[in-house]
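Student: Before I ask anything, here is the structure I am working with.
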Amino acid sequence: PPPALEGELVGGVDMGTLSCCGHSFGGASCVQACARDPRFKACVAHDAWLFPLSDDVASGALAAPTLFLNADTFDMLWEEGSRVLCSLLARSREKGVEAVAYGVNGTRHQNYSDFPLLAPQITMSIGVAGSTDPKEALDVVHKCDTAFLDYALYPEMR
């Protein structure tokens, strides 16, 4: 960490269970970060826009156990992203890296942020949030994230 943060982080971060979670471009950033930095032990990508991945990462295997949670519209809106995701999953499994992707029913891209909580009628009416109640959708997302991270980071708990 930068020297200014080092004092605050020492003893406060368990580097043995460091993970990364991001949404959209942030999801791709987490996949990229995990591929570049072995300190990351797990990755969660919410409706990740995989276009920004570098060619070597997009055409390789994931470096850490990774959960992809996607909106109902993921395949329909970005066919190339679906192909990249399927290839990443297949190559990762071949190398023994735990990698899974699930769709969360009744969600759209913004259901993975807090925007639908702040303006549920607006986000649903313009189609950026799905039909599932925003609080219920985020509850499902959080439960999936927690279950995956527990599984990936704490194998002794299985």
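The values are calculated or read from the model by the stated rules, or taken from the named source; none is laboratory data. Worth saying up front: this structure is predicted, and the values here are computed from it rather than measured. Here the Cβ is made from the backbone with ideal geometry for all residues, glycine too, and neighbour counts use every protein chain on show. When the accessible area is computed, the model is the full protein with side chains, heavy atoms only, and any ligands, DNA or RNA have been set aside. Shrake-Rupley method; radii C 1.70, N 1.55, O 1.52, S 1.80 Å.
Student: Run G81 past the list (1) over 30 Å from V13 (Cβ atoms); (2) out of contact with any Leu (no Cβ under 6 Å at 6 or more places or on another chain) and report the number of the one that doesn't hold.
Tutor: Among (1) over 30 Å from V13 (Cβ atoms); (2) out of contact with any Leu (no Cβ under 6 Å at 6 or more places or on another chain), the lone unmet condition for G81 is (2).
Student: Would you pick out the residues in segment 34-52 that are in a helix (DSSP H, G or I) and buried (at least 18 other Cβ atoms within 10 Å of the Cβ)?
Tutor: The answer is C34, A35.
Student: I would also like to ask the following. Here are the criteria: (1) under 21 Å from L149 (Cα atoms); (2) without any contact (Cβ under 8 Å) to a residue 40 or more places away in the chain; (3) open to solvent by less than 10 Å² (accessible area, probe 1.4 Å); (4) in contact with a helix residue (DSSP H, G or I) (Cβ under 7 Å, 6 or more places away or on another chain). Tell me which single one A101 does not satisfy.
Tutor: Single failed check for A101: (3).
Student: Still on this structure, I have one more. Mind telling me which of the residues G7, G11, G81, G16 ends up being open to solvent by less than 60 Å² (accessible area, probe 1.4 Å), at pLDDT below 90, over 17 Å from the mean Cα position of the chain (by Cα) and not β-branched (V, I, T)?
Tutor: From the options G7, G11, G81, G16, the qualifying one is G16.
Student: List pairs: first in segment 53-69 and free of Cβ contacts under 8 Å to residues at least 60 places away in the same chain and in a helix (DSSP H, G or I), second open to solvent by 10 Å² or more (accessible area, probe 1.4 Å) and not acidic (D, E), Cβ under 7 Å, 6+ apart or cross-chain?
Tutor: V57/Q32; V57/A35; A58/V84
Student: I've got another one for you. Under 8 Å between Cβ atoms, which residue pairs at least 6 apart in sequence (or on different chains) link something in segment 22-34 that is without any contact (Cβ under 8 Å) to a residue 60 or more places away in the chain with a partner that is of a type in the set (D, E, K, R)?
Tutor: G27/D47
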